[in-house]
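The values are calculated or read from the model by the stated rules, or taken from the named source; none is laboratory data. None of these values were measured; they are calculated from a predicted model. Note that we place each Cβ from the backbone using ideal geometry, even for glycine, and neighbour counts take in every protein chain shown. Surface accessibility is based on the protein's heavy atoms, side chains included, excluding ligands, DNA and RNA. Shrake-Rupley method; radii C 1.70, N 1.55, O 1.52, S 1.80 Å.
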Amino acid sequence: MTKVIFLDAAGTLFDVRGSVGEVYKQLANSFGVTVDSEQLNAAFSESFASASPMAFPGIEVAKIPQLEFEWWLAISAKAFQIAGVFNQFSDFPKFFAELYAHFATAEPWFVYPDVFPALNRWQQQGIELAVVSNFDSRLYLVLKALNLAEYFTSVTISTEVGAAKPQSQIFTIALDKHNCLAENVLHIGDSFKADYCGAKNSGLNAIWLNRQQETLDLGKLNLIDFQKIEEFASLDFISIPAAPELI
């Protein structure tokens, strides 16, 4: 029986309006930088994919926000370098400071239309809801700005626990916040590797929220522990059995 549902954040609950490239371009234009949004979006994807996980094991909590800022600064700078326009900036640190603050607001994000109905449905069933994400500490501000914060009894992020999905440590720490066994927890997220495989390998039940309808090469996957992939394109299609009534 599902007592707690863990949900990923970006890509699952909400996402960037348009594309990262479009948001980056709009602000860069105000700094006198001319760049193609599609080219910049591809450059960002390349930069992001090459970055190390956003987790800082053994670091004092007070130092984490600055490390988060520097982690994103490096990714953003590399994206503009790959796009060949970095040298157009007269003050890149100033630009990035504005960009970083912008992504802590509601403006660049949208909530998927299936999210609020699903959260309300599960809350009415008495299921605890929590967020487990490889996001940074701006997530608290974003959840609040998007009117999502009130739904969740806990939020666990990689930068604070020193481990990123698919590592089991982040799921274990999230579990410790709820008086519940792993077998009674369902994790839902849009990344097959980070969310689905990470949760399954940590002993949780899992659903891959395949919003982009990605196709997997099953021949390259090790599915010994979970032969059947639980996959849905929308939260609308996920039905959680209600807890049995006590007599």
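For this structure, a couple of remarks:
- A count restricted to the stretch 122-149 and to residues that are touching a Leu at 6+ places or on another chain (Cβ under 9 Å) and open to solvent by 10 Å² or more (accessible area, probe 1.4 Å) stands at 4.
- All conditions but one from (1) under 30 Å from S239 (Cα atoms); (2) out of contact with any Phe, Trp or Tyr (no Cβ under 8 Å at 6 or more places or on another chain); (3) open to solvent by less than 60 Å² (accessible area, probe 1.4 Å) apply to G18; the one that does not is (3).
Each row is one residue, and each column tells you yes or no for (1) closer than 30 Å to Y151 by Cβ; (2) open to solvent by less than 30 Å² (accessible area, probe 1.4 Å).
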residue: Y24; (1), (2): yes, yes
residue: D36; (1), (2): no, no
residue: S47; (1), (2): no, yes
residue: I64; (1), (2): yes, yes
residue: E68; (1), (2): yes, yes
residue: W71; (1), (2): yes, no
residue: F80; (1), (2): no, yes
residue: S90; (1), (2): no, no
residue: F96; (1), (2): no, yes
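- Residue check for N41: surrounded by 15 or more Cβ atoms within 10 Å (Cβ to Cβ), among the polar types (S, T, N, Q) and out of contact with any Leu (no Cβ under 9 Å at 6 or more places or on another chain): yes
- Taking each residue of the stretch 35-51 that is more than 12 Å from F80 (Cα to Cα) and looking for partners that are of a type in the set (F, W, Y) and part of a helix (DSSP H, G or I) with beta-carbon atoms closer than 8 Å, six or more apart or interchain, yields A51/W71.
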